[in-house]
Amino acid sequence: MTNSSNSDVPERVERPALKSLCWVEQILVLAASLIASVAAVWWSWRNHAFLLYGDAEAHIHIARRIFDSHRPGLTQLGSVWLPLPHLLLVPFIAVDSWWRSGFGPAIPSAACYLLACLGLYRLARKWLSPASAWLALLLFAANPNLLYLQTTAMTEPLFLCELIWIILLLEEWYASLASDTRRTRRLLWATITVLVAAVYTRYDGWILAFLAWVAMAECMRRRGRLTERSFVFASVALLLAPVGWMVYNAVVFGDWLDFMRGPYSARAIELRTSSSAVDPHPGWHKPWVSLEYFLKAAEMDAAAVGWGWLLFVVALVGTAWAWFRSAASSPGDLTGELNGNRQSAARHATVGWTLLLWMPLPFYAYSVSYGSVPIFLPVWKPFSWYNTRYGMELLPAFALFLGFAIEGLLAQLRRFSPKYVWIAVSALTALLVANVAELVKERPLIYVEAQKNTESRAYYNVVLAETLTRLHELDPDGVVLMDTSTFPSLVPHSGLTYRQTLNESDKEFYEAALAAPASHAAVVLAFAGDEIDKAVKAHPEHLRLYQSFHSPFKGWDQPDATVYVSDTFPGSPLPTPSTGVTGR
């Protein structure tokens with residue numbers, strides 16, 4: 001007998017289970033997930049929930065201006081948010097009605113949700129029985145917060161999909177190292193491709209990519225293959241991803257770190273929105289407090305109030321059980337007996353890849369503390385909602401390691417009381433369904449934040465959109481000078497396109513209009529203190545006050561708004577200039 005029988009997780013052990021998944025279990029997973037996804041999209045459509053998040057509006061705004069602007073192209077991607085989510089949106093918001101309604105982004109987001117569900121189940125089934133894997137999937141796929149997010153333009157569904165598939169591909173790549181060089185290369189490039197996608201999706205992906213590459217490099221080093229051509233080329237391709245973003249920032253914005261220290265960076269927003277007299281948020285420069293806030297957000301995102309801590313503890317137990325049990329199990333079954341030290345070590349290593357699912361925990365402990373990304377929770381000071389969706393990044397860890405914990409429980413029942421196995425499965429299913437029902441009853445945390453988020457924008461989104469719509473109907477070819485970054489939905493909701501505006505994303509056209517507003521635009525929208533307001537005060541010639549607005553909400557993004565029209569604006573008579581708004 002050769003040493004091949006004791007090599008790292010032979011292919012012949014893994015393939016039969018995966019083949020059976022392809023045509024039965026995976027189809028059922030996709031079908032069940034599709035039903036849940038379509039139901040959630042329908043609900044968001046009926047409840048006008050696609051655009052509740054200001055960030056969702058902004059993502060659509062960035063994607064649309066790539067082709068709908070005076071300077072179309074990749075320079076419209078901006079400097080702070082990474083480009084992949086916006087590039088994926090482009091084909092769907094090119095359909096005018098899908099852009100204006102907010103429906104377009106639901107298509108790629110839902111696709112990411114489906115792939116994430118499939119990837120999580122495939123990952124779970126590498127070690128777990130179908131019952132345990134389905135229960136893990138139930139916690140993940142039926143989560144109301146995730147189901148809502150996958151109907152929006154938010155980036156969480158995409159990143160969760162990438163995170164899960166990175167772990168899955170890493171495990172399969174590692175398992176192939178000992179037996180199939182061609183398959184290893186294919187899996188290597190598939191893994192690198194998804195890692196690059198993660199790098200271009202969220203900055204969390206940068207840390208994930210670094211940790212994954214270090215682990216892969218160590219695996220190759222131990223086999224004396226670190227300088228293998230395919231791995232070197234793949235490593236260079238991965239390195240070029242963050243470098244490419246820095247080069248883009250340097251070329252377009254003049255600062256290779258503009259995404260970190262520019263006027264639209266998280267740091268700049270924190271300085272604008274916080275008071276210098278007090279700490280900006282509870283976790284500021286307090287890593288342990290930041291860790292507590294992130295973990296609490298994750299618990300509240302995944303479980304009903306009062307159950308989150310239990311889910312976290314069970315997930316930790318599942319992590320420990322998987323880690324220690326894998327060291328004494330055979331490649332085919334976690335509940336098997338010891339079958340050779342090398343096989344056990346290999347199986348132990350494959351389970352080790354799943355520990356990357358806990359990466360968001362230290363990442364956000366640091367980011368909240370030092371990275372200007374606060375988290376506010378309604379149950380802790382300052383008793384508000386902000387960035388609660390960040391906790392969703394632990395949902396795959398909660399789900400998979402809950403599955404491991406359940407597998408441990410079922411293994412013991414099979415050994416001592418087999419007749420109680422399906423009773424336990426039924427009881428656990430009922431508990432998870434009850435958790436979903438209670439989350440819906442309490443109203444999902446992320447959905448509530450989205451509603452709070454839209455409340456502060458609703459006034460201007462309504463009254464300014466109505467005003468701009470009325471003026472656009474009077475002059476369909478008229479150009480509007482306006483800032484589109486604070487209230488990006490004003491353009492689609494007013495019947496305009498970005499080409500019919502002069503805005504901050506078309507810098508040279510915008511600056512020319514600021515020097516002579518009435519000469520370049522038929523309508524001018526100014527917010528107190530902004531560049532357009534200053535330009536109107538400096539160059540008021542041939543402009544008439546049309547209407548003024550005062551928001552009932554307070555905040556840095558709620559300044560008074562004023563609409564002006566040029567002397568030559570068609571349509572007469574114009575209403576008497578007003579400083580009040582009916583219904584205030």
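Bear in mind that the values in this text are calculations on the coordinates, not laboratory data. Computed from a predicted structure; not experimentally measured. Positions of Cβ are backbone-derived with ideal geometry, glycine not excepted, and every protein chain shown enters the neighbour counts.
Each of His86, His493 has some number of other Cβ atoms within 10 Å of its Cβ, and from fewest to most they run His493, His86.
Placing a label point 7 Å from the Cα of Met246 along the Cα-to-Cβ direction, the residues of region 56-95 whose backbone N falls under 18 Å of that point are 79-83. Stretching Asp96 away from Val317 to a fully extended chain increases their span by 74.6 nm, per 0.36 nm per residue minus the current alpha-carbon distance.
Look at the alpha carbon pairs under 8 Å that are at least 6 residues apart: their mean separation over the length of the chain gives a relative contact order of 15 percent. Taking the DSSP beta bridges with both ends in region 458-566, the antiparallel portion is around 75 percent. Can you flag which of Lys296/Lys381; Lys286/Lys554; Lys296/Lys441; Lys296/Lys452; Lys452/Lys534; Lys452/Lys507 are past 21 Å Cα-Cα? As for pairs spanning more than 21 Å Cα to Cα, those are Lys286/Lys554; Lys452/Lys534; Lys452/Lys507. Taking the Cα centre of region 458-566 as the origin and placing charges on Cβ (Lys, Arg +1; Asp, Glu -1), which of Tyr510, Tyr564, Ser485 is farthest toward the positive end of the dipole? Toward the positive end, the furthest listed residue is Tyr564. Set the Förster radius R0 to 22 Å, insert the Cβ-Cβ distance between Asp477 and Arg71 as r into 1/(1 + (r/R0)^6), and round the FRET efficiency to 0.05. E between Asp477 and Arg71, to the nearest 0.05, is 0.65.
Computed extension length for Asp560-Ala190: 128.1 nm, one decimal, from 0.36 nm per residue of separation with the Cα-Cα distance subtracted. Which of these values of mean projected area of the Cα convex hull in nm² was calculated from the structure shown: (1) 41.5; (2) 28.9; (3) 31.2? The calculated read-out lines up with (2). Within the shell defined by Cβ-Cβ distances under 12 Å, the residues around Arg389 carry a net charge of -4, with Lys and Arg each +1 and Asp and Glu each -1.
Charge dipole of the chain (Cα centre as origin; +1 on each Lys and Arg Cβ, -1 on each Asp and Glu Cβ, all else neutral): 2040 debye, rounded to the nearest 20.
Helices of the chain meeting both criteria, an alpha-carbon length of 20 angstrom or more along the long axis and an average Kyte-Doolittle score not below -0.5, with helices taken as full DSSP H segments, are 26-46, 106-125, 156-176, 181-199, 204-222, 229-253, 287-302, 308-326, 395-416, 421-442, 445-474.
Just to verify a number: FRET efficiency for Val448 and Ala515, C-beta to C-beta distance, R0 = 45 Å, to 0.05? Step by step, r from the Cβ atoms, then E = 0.50. When each of Phe312, Phe159, Phe404, Phe67 is scored by the number of other beta-carbon atoms lying within 10 Å, the sequence from fewest to most is Phe67, Phe312, Phe159, Phe404.
Assuming charge only on the beta carbon of Lys and Arg (+1) and of Asp and Glu (-1), the dipole of region 446-523 about its Cα centre is about 160 debye to the nearest 20. Taking the DSSP beta bridges with both ends in the chain, the antiparallel portion is around 75 percent. Counting other Cβ atoms within 10 Å as a rough exposure proxy, the listed residues Glu473, Glu25 run Glu473, Glu25 from fewest neighbours to most.
Between the alpha-carbon centers of region 543-573 and region 116-187, tell me the distance in whole angstrom. Centre-to-centre distance over Cα atoms comes out at 50 Å. Take every Cα pair under 8 Å whose residues are at least 6 apart in sequence, average their separation, divide by the length of region 449-575, and the relative contact order is 24 percent. Multiplying the residue separation of Phe324 and Arg183 by 0.36 nm and removing their Cα-Cα distance gives an extension gain of 47.8 nm. Look at the alpha carbon pairs under 8 Å that are at least 6 residues apart: their mean separation over the length of region 51-204 gives a relative contact order of 25 percent.
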